[in-house]
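**Student:** Questions regarding the structure given below will be posed in turn.
The values are calculated or read from the model by the stated rules, or taken from the named source; none is laboratory data. Just so you know, these numbers come straight off a predicted model, no measurement behind them. When we count neighbours, we look across all protein chains shown, and the Cβ atoms used for this are built from the backbone with ideal geometry, even at glycine. All accessible areas refer to the heavy atoms of the entire protein, side chains included, with ligands and DNA or RNA removed. Shrake-Rupley method; radii C 1.70, N 1.55, O 1.52, S 1.80 Å.
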Amino acid sequence: MRLLFKKLRENAVIPKYQTEYSAGLDLCACVDGEISIPEGETVKVPTGLAAELEGEKNAVLLIYARSSLATKLGLAPANCVGVVDWDYRGELIVALHNASAEDRVIQNGDRIAQLVVTPIYRPEVCESDELSDTARGAGGFGSTGLRNS
Ligand SMILES: O=c1ccn([C@H]2C[C@H](O)[C@@H](COP(=O)(O)OP(=O)(O)OP(=O)(O)O)O2)c(=O)[nH]1
């Protein structure tokens, strides 16, 4: 499988794996100089890249937070996880939300999020009057309690 990146602007950065076993490919901001993300606001940060997962339709590109940005700077994608449709050929955008109490500045080339390629199922969608019985049934949202017992 090949993941193709097309640079939409000269200063875009083609992602690379940081280590041999990195799960994510860091996405870099592609801006003129720098971009400000005021406290409490969300800014759509461009990457200057379009991507194509060549041939493989049962996989998806997901845009996740970088834990360092989220925990140290309060910057994480507003949509939690960005889902990139297989047929999307537009620019990859990271909608960074600033949950900190300070304005933040992102410089051109800063690594702002990570792209993860993961397999997906695309099942046939059917309406059904019955679902199979299970021990859990409809229990959820804490129905099994807090601790192991
Ligand atoms: O964090 C993200 C999320 C999405 N996208 C791109 C790829 C995706 O294929 C497209 C549409 O995203 P999504 O399906 O989440 O948007 P929507 O709000 O459901 O709008 P629509 O599908 O009608 O465009 O936008 C990004 O660049 N970054």
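**Student:** Can you find a residue in region 30-49 that is closer than 26 Å to residue 119 by Cβ, modelled with pLDDT of 95 or more and of a type in the set (A, V, I, L, M)?
**Tutor:** yes
**Student:** With respect to residue 17, determine if the residue is among the aromatic types (Phe, Trp, Tyr) and either more than 16 Å from the chain's Cα centre (by Cα) or under 22 Å from residue 88 (Cα atoms) (or both).
**Tutor:** Against the criterion (among the aromatic types (Phe, Trp, Tyr) and either more than 16 Å from the chain's Cα centre (by Cα) or under 22 Å from residue 88 (Cα atoms) (or both)), residue 17 does not qualify.
**Student:** Something else now. Filter region 45-62 down to the residues that are in a strand (DSSP E or B) and within 15 Å of residue 28 (Cβ to Cβ) and list them by number.
**Tutor:** 45, 46, 49, 50, 51
**Student:** Can I ask one more? So residue 122 passes all but one of these: (1) within 15 Å of the ligand (Cβ to nearest atom); (2) closer than 23 Å to residue 70 by Cα. Which condition number does it fail?
**Tutor:** (2)
**Student:** Turning to a different aspect of this structure: Return the residue satisfying two criteria in turn: it lies in region 87-108 and is touching a Leu at 6+ places or on another chain (Cβ under 9 Å) and over 22 Å from residue 9 (Cα atoms), and of such residues it is surrounded by the most Cβ atoms within 10 Å (Cβ to Cβ).
**Tutor:** Checking each candidate, the answer is 98.
**Student:** Still on this model: Out of (1) under 22 Å from residue 8 (Cβ atoms); (2) surrounded by fewer than 17 Cβ atoms within 10 Å (Cβ to Cβ); (3) within 16 Å of the ligand (Cβ to nearest atom), the odd one out for residue 60 is which?
**Tutor:** (2)
**Student:** Taking region 4-19, which residues are assigned to a strand (DSSP E or B) and either open to solvent by less than 50 Å² (accessible area, probe 1.4 Å) or in contact with a Ser or Thr (Cβ under 6 Å, 6 or more places away or on another chain) (or both)?
**Tutor:** Listed by number, the list holds a single entry, 5.
**Student:** Looking only at region 63-115, count how many residues are without any contact (Cβ under 8 Å) to a residue 60 or more places away in the chain, within 9 Å of the ligand (Cβ to nearest atom) and outside any loop (DSSP other than H, G, I, E, B).
**Tutor:** Going through region 63-115 one residue at a time, the tally reaches 7.
**Student:** What number of residues within region 20-44 satisfy the criterion of being open to solvent by 10 Å² or more (accessible area, probe 1.4 Å), touching a residue at least 60 places away in the same chain (Cβ under 8 Å) and assigned to a loop (DSSP other than H, G, I, E, B)?
**Tutor:** 6
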